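Nothing in this text is a laboratory measurement; each read-out follows from the coordinates by a stated rule. Keep in mind it's a predicted model, so treat the numbers as computed, not measured. When we count neighbours, we look across all protein chains shown, and the Cβ atoms used for this are built from the backbone with ideal geometry, even at glycine.
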Amino acid sequence: MPIKYVPFVPEPVEGQAVLGNFNRILRYKGADDLSMTLQRGMPLYEMERQETVGQNTDGNLVIRGECVSACAYLKEQGIQVDLVYIDPPFASGADYAKQVYIRRNPKVAEAIAQAEQELDADDLKSFEEKMYGDVWDKEKYLNWMYENLMAIKSVMSDTASIYVHLDYHIGHYVKVLMDEIFGEDNFRNELIWKRSTAHSDSAGFANLHDSIFYYSNSEEYIFHMQYVPYSDEYINHYYRNSDPDGRKYLDRDLSAKGLQGGGYTYVWNGISGYWRCPIETMRRYESEGRLYYTKNGTARYKQYLDEMPGVPAQDLWTDIFAVNSQASERIDYATQKPEALLERIINASSNEGMLVADFFGGSGVTAAVAAKLGRRFIHCDVGINSIQTTRDRLKAAGAEFEVLEIKNN
């Protein structure tokens, strides 16, 4: 039994106007039934410490338990998260969702426990899958996701952001839930990650991508532009010139014609021009070897390739590859995501020392990358395999953390 229930939203102070927090926009069977759960609050259970690795002065946590109960604990402890990435089940028969639903429904768990004694392995699997299919339809999944997202929002800081990783099975529905919870104005991007190479599908167009929905918790949020390395085609097209030492550059116009804000008129290299920089800057460029001269003697600026960060990342990510059987980071976890994916997200939406959380932590990639990038972390997952895999992964990387277990059985 829960120790108590922790409110999803703050209790209003006297005289404070209260908005309708649970007025649903997306209408489907069972949507109204969720309001009673939300009004009651998040169940807070006893938390048992299993292990402490290192001194853990940063308060890093690896939690075995469900998202909502983990959020109840964090909120009770006054812990606020600065960035959330979650890769929840996609409503496609995922074992994770099944485990969560069975754990939260004693009658279902009791029926399966009895079946374990009466059926062989194959029959038990069929029984479990059928029962799962009967109790976990699209509507129940959406209610479950709404409850999780509300719980996560309750522990996010005012300037926090959240990235929710989904695929075509349910992503368009969850996008509407996120509009409800975080506000349409706080929607930042739908990121398209090409997770697979081209392949044929006789039933239709092949599915090659996942969607990652990126929202901020308010109008004030952290964002650092990320860059993608230039392609060989781009370099060969634009950086065709080289210095004698082989340093590649492109030449940029120094004319101020049409430049908003005006320029400077003077003679340079015998050419009277309207330049975008004062003559003192032009002299500095000359002394630094930064000027390139056209056939008629017009000065242009050398922009060196090795000084450029790359192309600003767009909302289509085709340069990050899924973890394949030959990848050095592979740890044989079915839903493992590549570290490069999390590096881009964490670098874009957090600063060093901030707290990054993943409430469907899986292989532990979010926690591992957060630690590597100097962030604090919370990893949460209901599966013991996830906890053990993450614990070993973090320990091998030299991270410090506590392993906690929510006692809700």
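Applying both filters, DSSP loop and at most 12 other Cβ atoms within 10 Å, to the trypsin sites (Lys or Arg not before Pro) of region 232-276 gives Arg240, Lys257. Per-residue Cβ neighbour counts within 10 Å put Thr52, Thr366, Thr37 in the sequence Thr52, Thr37, Thr366, beginning with the fewest.
Listed by chain and number, the aspartates and glutamates whose alpha-carbon sits under 15 Å from that of Lys175, ignoring those within fewer than 8 places in the same chain, are Asp87, Glu139, Glu147, Asp167, Glu184, Asp185, Glu190, Asp210. Rounded to the nearest 20, the Cβ-based charge dipole of region 230-307 about its Cα centre (Lys and Arg +1, Asp and Glu -1) stands at 320 debye.
Amide H to amide H, with H built 1.01 Å from N, Leu404 comes under 5 Å of Gln50, Val62, Ile63, Arg64, counting only residues 5 or more places away or on other chains. Couplings 3J(HN,Hα) of region 375-392, computed from phi: 9, 7, 8, 10, 10, 9, 6, 7, x, 5, 4, 4, 5, 5, 4, 5, 4, 5 Hz, in residue order, whole Hz [Karplus 6.51 cos²θ - 1.76 cosθ + 1.60, θ = phi - 60°; x for Gly and Pro].
Applying 1/(1 + (r/R0)^6) with r as the Cβ-Cβ distance of Arg240 and Ala396 and R0 = 45 angstrom yields a FRET efficiency of 0.50.
Across region 178-303, Cα pairs under 8 Å and at least six residues apart give a relative contact order of 16 percent. If you plug the beta carbon distance of Ile3 and Asn56 into 1/(1 + (r/R0)^6) with R0 = 30 Å, you get a FRET efficiency near 0.80.
Kindly state, to the nearest 0.05, the FRET efficiency for Ala115 paired with Tyr304, given R0 = 51 Å and r defined as their beta-carbon distance. That pair, Ala115 with Tyr304, gives E of 0.15. When Met354, Met225 are sorted by how many other C-beta atoms sit within 10 angstrom of their C-beta, beginning with the fewest, the order is Met225, Met354. Taking amide hydrogens as placed 1.01 Å from N in the peptide plane, the amide H of Ala256 sits under 5 Å from those of Tyr274, Trp275, Arg276, each at least 5 positions away in sequence or on another chain.
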